[in-house]
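Peer 1: There's a structure below that I have some questions on.
The values are calculated or read from the model by the stated rules, or taken from the named source; none is laboratory data. Quick caveat: nothing in here was measured; it's all calculated off a predicted structure.
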Amino acid sequence: MQKVDLDSMSIDDLAKLRDQASEKLAEKVATRQLELAAEMEKLAAFGGGKKAKTIVPKKDLKDVKEALKPQLQEAPKPQATKAA
């Protein structure tokens, strides 16, 4: 790939280069998307590709209370103020 001295380029030339690079990138992305779509069609012929369900274990409320117990014991208790 040819090296380009960006510092020596004018703003207009840099803008043109940016536009050309953006166009080329868009072309390559579109081409790759078509390739991937074709690959997906080929893979679809092999089956539905169903995923196994993952089960997330739920914590018992008891476990949560046990985890919070030290925090509840350390919390300062509000002091009652006497009204004169």
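Peer 1: Go through region 1-52 and count every residue that is outside any helix (DSSP H, G or I) and of a type in the set (D, E, K, R).
Peer 2: 4
Peer 1: With the requirement that a residue be modelled with pLDDT under 90, on the phi < 0 side of the Ramachandran plot and under 24 Å from the mean Cα position of the chain (by Cα), what does region 22-56 give you?
Peer 2: Scanning region 22-56 gives Lys50, Lys51, Ala52, Lys53, Thr54, Ile55, Val56.
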